[in-house]
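Below is one structure, written out as structure tokens, with a few remarks after it.
The values are calculated or read from the model by the stated rules, or taken from the named source; none is laboratory data. Note that the structure is a prediction, hence the values are computed from the model and not measured. Here the Cβ is made from the backbone with ideal geometry for all residues, glycine too, and neighbour counts use every protein chain on show.
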Amino acid sequence: MHSVKDIETRLQGMEDIKHLLRSVRAMSAIRWRRAKRHLSIAQDYADRVDAQLGMIFAKTGKGVSERIAHQAISSSRKRTVGLITLTSDRGLCGNFNTGLVSKAFFVEDILKKKNKDVRIISLGGYGERMFRDAGYDIFYSEKIPRATAVSFINIRKAFAHIRDLYETKAIDELNILYNRFNYFGSYTPKSVQILPPQFSEIEQDPKDIPADLIINSDPEELKTFLVWEHLAARLYLAFIESTISEHSARLQTMDAAISNLEERVAELEIKYHTIRQEKITQGVLEVQSNLRDRKKKRSKNL
């Protein structure tokens, strides 16, 4: 049976843990709101890029340079698919990472059945460790800082390296695997192909294009620039949605942990008061017993 002192020590330790959990929750809440603001800004930028790209397509057609679409040419050799996995750098977010890595294994099995090799491109330290522990070789990895802000600059740096892998034909296709944000506490692992590029959703009615539109740059160069900007924006949007999903998952995990801790604290407090009351009762009984003994002794003396 625990002593009162032992229970007091455990209760103090649980209070310290609760303080830590609340601090983590508060930081995740701040980062979740910040990422939500960045999402609306990034969506607006991506829409503007797509609008510009739609005008260029309406003027020149959807054909892109061989440097971008070269992988669409049929080839007898085994194709290599780069799979970008967007995981977190830290844990304490439920099954956010494990669910995504499991989905990566599932996607890999499907691609292998199509006679394709899969190369893991890990953007997130936690996922990288999980893949390595599972015996996978990481084709390319990079940690994107998430503590202060979701930065398009860091995504551009990572995307520049990935673009080089594609242009040098180190990979033939490129997919993004990320946790798509549905609503608070809900996200779905989703795999999206971005290379070779597909522009079925980018449509522009020629009637909506100003008749006096002037394109000072070379149309093909401008198209190439906008295509890569479109793909970088898609990766950025996926990264932000992944970040929002991560922090919402961590908020839920912290809430569950705090709730569970409070239940254990309540149980310990009941046990503490029970033991304390038993000691008080025992003390009262001992006092009463001593009084009886004294009365008996006095009666004998008399």
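Hey, among the residues in the range 118-152 that are at pLDDT below 90 and among the β-branched types (Val, Ile, Thr), which one's nearest to His38 (Cα to Cα)? Here the residue is Val150. Just wondering, is there one or more residues in the range 158-168 that are under 19 Å from Thr80 (Cα atoms), among the acidic types (Asp, Glu) and surrounded by fewer than 17 Cβ atoms within 10 Å (Cβ to Cβ)? Yes: one or more hits.
Of the residues making up the range 46-63, those that are in contact (Cβ under 8 Å) with a residue 12 or more places away in the chain and either out of contact with any Lys or Arg (no Cβ under 8 Å at 6 or more places or on another chain) or not in a helix (DSSP H, G or I) (or both) are Val49, Asp50, Ala51, Gln52, Gly54, Met55, Ala58, Lys59, Lys62. Condition test on Arg276, is it more than 34 Å from the chain's Cα centre (by Cα) and exposed (fewer than 10 other Cβ atoms within 10 Å of the Cβ)? Taking the combined requirement at face value, the residue does not satisfy it. Any residue in the range 28-45 that is modelled with pLDDT of 90 or more, assigned to a helix (DSSP H, G or I) and more than 21 Å from the chain's Cα centre (by Cα)? Scanning the range 28-45, I find at least one residue that is modelled with pLDDT of 90 or more, assigned to a helix (DSSP H, G or I) and more than 21 Å from the chain's Cα centre (by Cα), so the answer is yes.
Can you tell me which residues in the range 251-268 are over 25 Å from Arg90 (Cα atoms) and in contact with a Leu (Cβ under 7 Å, 6 or more places away or on another chain)?
Going through the range 251-268, the residues over 25 Å from Arg90 (Cα atoms) turn out to be 263-268.
Across the range 251-268, the qualifying residues are Val265, Leu268.
Taking helices (runs of 4 or more DSSP H) that do not extend beyond the range 89-175, which have at least 3 residues that are under 20 Å from Arg79 (Cβ atoms) and assigned by TED's automatic domain parsing to the domain that holds Ile244? I'd like the intermediate steps shown before the answer.
On the way: elements: 96-113, 125-133, 152-167.
Fully inside the range 89-175 and qualifying: 96-113, 152-167.
Scanning the range 169-204 for residues that are surrounded by fewer than 14 Cβ atoms within 10 Å (Cβ to Cβ) and within 24 Å of Asp50 (Cβ to Cβ) yields Asn182, Thr188, Gln193, Gln198, Ser200, Glu201, Glu203.
Output the residues belonging to the range 208-261 that are modelled with pLDDT under 90 and among the aromatic types (Phe, Trp, Tyr). Hit for the range 208-261 is Phe225, nothing else.
Is it the case that Ile138 is over 21 Å from the mean Cα position of the chain (by Cα) and aliphatic (A, V, I, L, M)?
no
Considering the range 263-278 alone, what residues qualify as being aliphatic (A, V, I, L, M) and within 12 Å of Arg10 (Cβ to Cβ)? Break it down into steps so the answer makes sense when it comes.
Step one: of the range 263-278, the residues aliphatic (A, V, I, L, M) are 265-266, 268, 270, 275.
The answer is Val265, Leu268.
Go through the range 109-118 residue by residue and tally those that are touching a strand residue (DSSP E or B) at 6+ places or on another chain (Cβ under 6 Å) and surrounded by fewer than 20 Cβ atoms within 10 Å (Cβ to Cβ). The number of residues fulfilling the criteria is 3. Of the residues making up the range 135-157, those that are of a type in the set (A, V, I, L, M) and farther than 15 Å from Thr85 by Cβ are Ala147, Ala149, Val150, Ile153.
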